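Enquirer: The following block contains the structure, expressed as structure tokens.
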Amino acid sequence: MILAAMFILPCAAQQAGLVKDEGGTTNIRKGPGTNYAVVEQVPDGSYISFSRGTGNWYKVYTTYTDGSPQELIGYIHSSKVVVLKRQPGVCKMLGYVNDEDGYTNIRKGPGTRYAIVGKVRDGSFILCSGDYEDGWYKVYTQSGTFRGYMSAKKVSITESPCF
């Protein structure tokens, strides 16, 4: 399975990414094309480790946390992947949303008195700052743009590289 609570750095040829969050699932295929069988479906917003494949298709790998070698799972179309990139002077970590209500609110400021500006589904991965303000993380869109604040009680920071 691709998802894990903690991550290891991909090898030099591999990159870290998120499956675009479009509210559904995305197919991982046996080969680089829609004519290949689906080997796995992953929830949109999932973390993946990938490398260049053929044409517009990336190779997707397992993300084991115990030091086991990564294995090729299949292929995903590049249009479905947000490549996580480092920004100088900014450290964004992967957070895992864990909310029994099914979603967590993103607010304009660090507190419930601020307006809701968005929602994130339970089980999604998000980008958030490593620091938090009064129990609230700054959260970002998958492309790295600041979006708002989310309660630290609803987010588990993963052991991931800084983006």
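The values are calculated or read from the model by the stated rules, or taken from the named source; none is laboratory data. Just so it is clear, the model here is predicted, and its values are computed rather than measured. Glycine gets a Cβ as well: all are built from the backbone with ideal geometry, and neighbour counts include every protein chain shown. Please note that ligands, DNA and RNA were not included when accessible areas were found on the heavy atoms of the full protein model with its side chains. Shrake-Rupley method; radii C 1.70, N 1.55, O 1.52, S 1.80 Å.
Enquirer: I want to check the label-to-label distance for VAL83 and SER68. Put each point 7 Å from Cα in the C-beta direction and report it in nm to one decimal.
Expert: 2.9 nm
Enquirer: Something else about it: Mind checking the full-extension length gain between THR54 and ALA37? Use 0.36 nm per residue of separation minus the Cα-Cα distance, one decimal, nm.
Expert: Using 0.36 nm per residue and subtracting the Cα-Cα distance, I get 4.5 nm.
Enquirer: Could I ask something else about it? Could you pull out every residue, at least 5 positions away or on a different chain, whose amide H is within less than 5 Å of the one on ASP21? Hs are placed 1.01 Å off N in the peptide plane, and Pro or chain starts have none.
Expert: GLY45
Enquirer: While we're on this one: Apply the Karplus curve 6.51 cos²θ - 1.76 cosθ + 1.60, θ = phi - 60°, to the phi angles in the range 75-81 and return the couplings in whole Hz, x for Gly and Pro.
Expert: 10, 10, 5, 4, 5, 9, 10
Enquirer: Using a 1.4 angstrom probe on the protein heavy atoms only, line up ARG147, ARG113, ARG107, ARG52 by accessible area, largest first. Write down the numbers at each step before the final one.
Expert: Numbers: ARG147 100, ARG113 185, ARG107 35, ARG52 155 Å².
My answer, sorted largest first, is ARG113, ARG52, ARG147, ARG107.
Enquirer: Using the Karplus curve 6.51 cos²θ - 1.76 cosθ + 1.60 with θ = phi - 60°, work out ³J(HN,Hα) for each residue of the range 26-39 in order, rounded to whole Hz, and write x for Gly and Pro.
Expert: For the range 26-39, the Karplus curve yields 10, 7, 9, 10, 5, x, x, x, 6, 7, 8, 5, 7, 9 Hz.
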